[in-house]
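Let me begin by presenting the structure, written as structure tokens, before commenting on it.
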Amino acid sequence: KETGSNYKLIIAGAKGWLSPSSPSFPSITSIPYIPENEKRYFYNLAQMFIFPSHYEGFGFPILEAMACGCPVITSKHSSLSEICDNAAILINSHDINDLKNAIIQMTDHKVANYYREKGLKQAKFFNWKKTANQVLQLIDKT
């Protein structure tokens, strides 16, 4: 809002453990659950996907967003930076100014397009068929 942007924030998904309640502002909407078959519509319509997770096992949401051509801002913690490589703006999720600056940066259409293209390429490195084949190879070795 400081930059005069008309972006709206949509907080999707159930609240995490010990999460504080979300502030109530006209420009913020909370959606507690999005059915799996509808997620792609949200990713396709979003200007950016922000996933400032402190703890994450793998990071399927960022790959889903990238596969839909949605530029990503995420944490440089845990596996997320490895999954994204250089295809997302990586932030310290404990630093609110780092997050704010990344959001402002991503509102630049050239920056967003850069990460959109990088994300589409990065998402292609991950697929279920490849994963299944790798697991089968591991099982065959035992």
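The values are calculated or read from the model by the stated rules, or taken from the named source; none is laboratory data. Quantities reported herein were computed from a predicted structural model and do not represent experimental measurements. Glycine also receives a Cβ, built like all others from the backbone with ideal geometry; neighbour counts cover every protein chain displayed. Protein only, heavy atoms only, side chains kept; ligands, DNA and RNA dropped before computing areas. Shrake-Rupley method; radii C 1.70, N 1.55, O 1.52, S 1.80 Å.
Worth pointing out:
- Residue within the stretch 68-80 that is open to solvent by 50 Å² or more (accessible area, probe 1.4 Å), under 23 Å from Phe125 (Cβ atoms) and either under 13 Å from the mean Cα position of the chain (by Cα) or in contact (Cβ under 8 Å) with a residue 12 or more places away in the chain (or both) present: yes
- Evaluation of Asn44 against (1) touching a Leu at 6+ places or on another chain (Cβ under 7 Å); (2) closer than 22 Å to Arg116 by Cβ; (3) touching a residue at least 12 places away in the same chain (Cβ under 8 Å) (one fails), failing number: (1)
- Residue that is least open to solvent (accessible area, probe 1.4 Å) [pool: residues in the stretch 83-101 that are out of contact with any Ser or Thr (no Cβ under 9 Å at 6 or more places or on another chain) and within 21 Å of Tyr43 (Cβ to Cβ)]: Ala87
- Considering residues of the stretch 102-142 that are of a type in the set (A, V, I, L, M, F, W, C) and surrounded by 14 or more Cβ atoms within 10 Å (Cβ to Cβ) only, the residue nearest to Glu2 (Cα to Cα): Ile103
- Residues (of a type in the set (D, E, K, R) and open to solvent by 80 Å² or more (accessible area, probe 1.4 Å)) located in the stretch 39-67: Arg40
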